[in-house]
Every structure is written in structure tokens, then in C-alpha cells.
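Read the structure below first, then the notes.
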Amino acid sequence: MNQATTPAGIEKAGPDTLRIRWRDGHESLYPVRELRLACPCARCIEEMTGRPVLDPAEVPADVRPVRIDPVGRYAIQIAWTDGHDTGLFTFERLRELCPCCRRESERG
């Protein structure tokens, strides 16, 4: 198992933040609305092109997770206050979406 993509813990870190502690010691803090907007399901992303089809204006500013369920040993499924619940967030994708990891990769 890859320590960088294996969560040691997933928890709420405030009303609008999700925290994932990874087994490699890294901690990721995700603004929950950004996760909702990054939903990888077929209703939010055009399957053939990967183009986002979700209109951010349709997602309430105060959207929050209602439930977070594990999917095997590779992903979580989040049910949202806007009624959406079909996206599977793989642990690998969540690590890619980590705000601080993305900033580091953008710096080069």
C-alpha cells in the first residue's frame, strides 16, 4: 500500500473543512465546497472528454457533507446537503486535490 494515498483518518475539521491525515504523515485540509465542485461522477464530468459539466452557480455556497462512506480500501463516497451523492473520490484523487500539494506542484 502506498502511504501517500492511504488515509490514517478522515474527519470534519470545522463547518466547511474536511481533514484527511495520510499514513505518510501529511495532513490535507479541503474546503468542502471545492470537493463538491471536483466531483468526478458522470453527472458532473463529461465522461468522454473529462470536461466539467457541473455549473458552480448551481452548488450552494454552504454545501456540506451529510455522510462520508468508505468504498472498499480505495475511495470514499460523499452525500451532500444539495442532494448529490454519486461521486466516488479515490484516495489517489483526493491526494492530488490536496490544496497544499497542488500549490507545491504548481511552483515546480
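Bear in mind that the values in this text are calculations on the coordinates, not laboratory data. Computed from a prediction, not measured in an experiment: that's the story for all the values here. Every residue, glycine as well, gets a Cβ built from its backbone with ideal geometry; the counts of neighbours run over all protein chains shown.
So here's what we get for this one:
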read-out: For region 10-23, 3J(HN,Hα) per residue [Karplus equation, 6.51 cos²θ - 1.76 cosθ + 1.60, θ = phi - 60°, Hz, x = Gly/Pro]; value: 10, 7, 6, 10, x, x, 10, 9, 10, 10, 10, 9, 9, 5
read-out: Net charge dipole size for region 3-107 [Lys, Arg +1 and Asp, Glu -1 on Cβ; Debye, nearest 20]; value: 320
read-out: Amide hydrogen neighbours beyond the local backbone of Leu88, cut-off 5 Å, H modeled; value: Cys41
read-out: Positive minus negative residues near Arg36 (Lys, Arg vs Asp, Glu; Cβ under 13 Å); value: -4
read-out: Note, ³J(HN,Hα) from phi for region 51-57, Karplus 6.51, -1.76, 1.60, rounded to Hz, x at Gly and Pro; value: 6, x, 10, 6, 8, x, 5
read-out: Where no second cysteine Cβ lies under 4.7 Å, the cysteines concerned in the chain; value: Cys41, Cys100
read-out: Highest to lowest packing among 51-63, 70-82, scored as the average C-beta count within 10 Å; value: 70-82, 51-63
